[in-house]
Structures are given as C-alpha cells and as structure tokens.
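Undergrad: Okay, here's the structure, questions in a sec.
The values are calculated or read from the model by the stated rules, or taken from the named source; none is laboratory data. Keep in mind it's a predicted model, so treat the numbers as computed, not measured. Note that each Cβ is placed from the backbone with ideal geometry, even for glycine, and that neighbours are counted across all protein chains shown. These accessible areas exclude ligands, DNA and RNA; they are computed on the full protein's heavy atoms, side chains included. Shrake-Rupley method; radii C 1.70, N 1.55, O 1.52, S 1.80 Å.
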Amino acid sequence: MVHGLYVHETGSLSGVRAVNVRTGKEYWRYERPDSEPGVDTFDVSERTVVAAFDEGRLIGVDLRTGKPLWHVDIQHAKGFRTTVLAGGQALTEAPGAVRAFAERDGRSLWTAKTPKSCPDGLVIRAYALPGHLSVVSLVCNVTSPNRDAYDLLLGIDNRTGKVLWQQHSADLGLMVRGGEHTLVIPHSDHLWGIQLLDVNRQGVAARALTAADAWDAVAAGGGIVLSAIGPGYWSEEDHDALLRAYRTRDGHLAWQLRAPTGQAYGFPEVADGRVYVVRQPFLTGKDTGRRIRADLLVLDSGTGRLLHTLRLPAMTVPDESRELDVRDIGDRALSIGWHDNEGAVLIATD
C-alpha cells in the first residue's frame, strides 16, 4: 500500500519540505534563507533526501524527520548542478570529475576523473551494479562554447573512484536499467529499435532488441522493457496514452495498458516486480497554472494487473510541462516530478 508523506521544493526554491500526502499537514521543512542560492536538483532514497544548491553546496536530510545530516561545499565554475543517489552514495559534478559522498554522513568517498575531452559535465543517471561497479551517464561540455556536447558512459569502481572503462553513447538521458547487469538505451543506428547493454567491470557488450515502438523505451526492470507511446509524437500536444511492456529475453509484447479517454501517462519506473506510473488528465499549453489531480498506479510488471491506486495531492501545472513522471524509486520511497521541470514530489511508502 502506498501512503505517507511527500517532499518537494519550497516555494522560494531554497529548500525542501515534507507534507502529509492526504491531509497537507507539514511534517518538516529544511530551508535556507531566501537570499541564499536555490535548489537545483534533489534525489531521494528510502532514508535520505540529498539536494544540490546552485552555489555548490550539497546537503543531506533525513527523510522521516527532516533532521539535517550533513552538508559539503564544492567549488564549481558553473551554476547549475545535479545530484544522483546510487547504492548509498550521492554523486555530483566537480571540475573535470565526478565526486561521491556517503548518503548518510556526507563523507567524501571518491573522485573519478573524466577524460580531457569532458572538462565539464552533468551527471544524468547512475546505477550501482554488483561487483562494486557504478555506471554513470554524463552529458559532457554543456558549458563549453568551443567544444561539442556529447553523452558519455563511465564504469567506476565505487570503492576507489577508478574509472574502469568509458563509452560514448547516444541519448543516455533515456537510459534505463533493465536487469542486474543490463542497461537499455535507444539504438544509435536504428530509429525503431533499442539496444541492450550487458555491463560488468570489464566493459560493455551491446545486443539489439527490435520492436515496433521500443525505441521510445521509458523504463525497464525484472526482464521487462516499458514503452510509452501516443498519437502525434511530433505534435506540441503529444501525450502518452498507451503503455506497452516487452520481454527482454525475446522482444515479444507481454501486455499493454491504454489510458481512458482524456487521460495520459507520465514516464513510469519499475522496481521489485511492480510498475509505478502516474495517470493524469491530458494537458495542453492552455493548462499552465491550473491545479490538477492525478493518480499513482501500481501495476504487476509481468501482467500489467492493477495492484494499488493512490490519489496524489493537487499540483499546479508549470510552464512547458505536460506530464508527471515517476523519477526514481527506492525500497520505501518514490519521487514524482513534472517532465523537464525542476520541481519534484516524494512519496514515502511502507
């Protein structure tokens, strides 16, 4: 059963707060003075909220109590920064490097140097795999006017920070984890296909999986790849009205779920044999500023059967965003946010 609290950026964007998901009562608030720089991004695990501020500060807050656990200041040339939690470590950018800090106490754990061709980058995704391996995707050269931006995948020993291997890839922002040692990305050469990457400490081995629309893979896990599609993909009013699940072992369709008329799906996540996805009204540009109610659906990943439904708090539609995505999920918490927007909500589960 999904219940409990949600965490989001405060109105001033200088902190985060936790609120009862049903009553709106505030549990706790962590907020720096309004004059201080604001939150760029934050990520969550089952125990911790870690937020990155745009002047270089990284902070850890206990999820249940709101107690500040630690903070660290990182000198960095650019303003915007990201943070991603993976395997009990908080990852963020540093000049020419990726740095990792302990999720619960902020200890500096390791620094992984990026190649000279990537003097600055943004950490987009990170996964902790067996064998003390963290796989980290970066967008390189996002602030370098004289260098071409590109996507880079790094395999890092998450005990020492040693870079074990690196690989240029396309569209790593769409990368999802498909299994214990498997990543799923759009196929670099075939528009209507996706690529499965078998990953270990030695490197990456690619194999293709073809399906009619699987190039738009949005989540994966437990032997299932999810594709979200809808009419008018190149239209300004695009929305995902159909979820399709493919089996990674053979590429065949396992199940599909169509949204009711006037409804759409955000990007889902898969964890522990379940699919978490937000179903919401179909929104257009005219809905900016409107408050809407949406539902979090919990499905069986193997069959698509509905297990639970949770009515989410009313949320205001921001400019340039049309859907609510499930961004990340841990053992007892998941975060939800507007697509291509910094604000996010965290739902605590039992």
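Undergrad: What strands (runs of 3 or more DSSP E), lying completely within the stretch 99-163, carry at least 2 residues that are at pLDDT below 95 and not basic (Lys, Arg)?
TA: Details: elements: 108-113, 121-129, 133-140, 150-157.
Passing ranges, in order: 121-129, 133-140, 150-157.
Undergrad: Related question: If only one of GLY230, GLY193, GLY221 is over 30 Å from GLN167 (Cα atoms), within 23 Å of the chain's Cα centre (by Cα), modelled with pLDDT under 85 and open to solvent by less than 50 Å² (accessible area, probe 1.4 Å), which one is it? Please lay out each step first, then the result.
TA: Working: GLY193 fails: over 30 Å from GLN167 (Cα atoms); GLY221 fails: over 30 Å from GLN167 (Cα atoms).
Being over 30 Å from GLN167 (Cα atoms), within 23 Å of the chain's Cα centre (by Cα), modelled with pLDDT under 85 and open to solvent by less than 50 Å² (accessible area, probe 1.4 Å) holds for just one of GLY230, GLY193, GLY221, which is GLY230.
Undergrad: Does any residue of the stretch 298-317 turn out to be open to solvent by 60 Å² or more (accessible area, probe 1.4 Å), modelled with pLDDT of 90 or more and of a type outside the set (Val, Ile, Thr)? Steps first, answer last, please.
TA: Of the stretch 298-317, the ones open to solvent by 60 Å² or more (accessible area, probe 1.4 Å) are 303, 305-306, 309, 311, 316.
The next check asks that each one be modelled with pLDDT of 90 or more; those that pass are 303, 305-306, 309.
From what is left, the residues that are of a type outside the set (Val, Ile, Thr) are 305-306.
Looking for residues that are open to solvent by 60 Å² or more (accessible area, probe 1.4 Å), modelled with pLDDT of 90 or more and of a type outside the set (Val, Ile, Thr), one finds at least one in the stretch 298-317, hence yes.
Undergrad: Restricted to the stretch 274-292, and to residues that are assigned to a loop (DSSP other than H, G, I, E, B) and either of a type in the set (Val, Ile, Thr) or at pLDDT 90 or above (or both), which residue is nearest to ALA220 (Cα to Cα)? Write out each step before concluding.
TA: Pass one, the stretch 274-292, residues assigned to a loop (DSSP other than H, G, I, E, B): 282-284, 288-290.
Imposing the further condition that a residue be either of a type in the set (Val, Ile, Thr) or at pLDDT 90 or above (or both) reduces the set to 284, 288.
Values: THR284: 28, THR288: 31 Å.
My answer is THR284.
Undergrad: Which one is surrounded by the most Cβ atoms within 10 Å (Cβ to Cβ) among residues in the stretch 115-166 that are out of contact with any Leu (no Cβ under 7 Å at 6 or more places or on another chain) and among the acidic types (Asp, Glu)?
TA: ASP120
Undergrad: Let me ask you something else. Give me a count of the residues in the stretch 99-131 that are of a type outside the set (Gly, Ala, Ser) and in contact (Cβ under 8 Å) with a residue 60 or more places away in the chain.
TA: Going through the stretch 99-131, the residues of a type outside the set (Gly, Ala, Ser) turn out to be 99, 101, 103-105, 107, 109-111, 113-116, 118-120, 122-125, 127, 129-130.
Then keep just the ones that are in contact (Cβ under 8 Å) with a residue 60 or more places away in the chain; that gives 129.
Matching residues across the stretch 99-131 total 1.
Undergrad: Also, I was wondering about something else. From the list LYS78, LYS67, which residue is out of contact with any strand residue (DSSP E or B) (no Cβ under 6 Å at 6 or more places or on another chain) and at pLDDT 85 or above?
TA: Values: LYS78 fails: at pLDDT 85 or above.
Answer to the check: LYS67.
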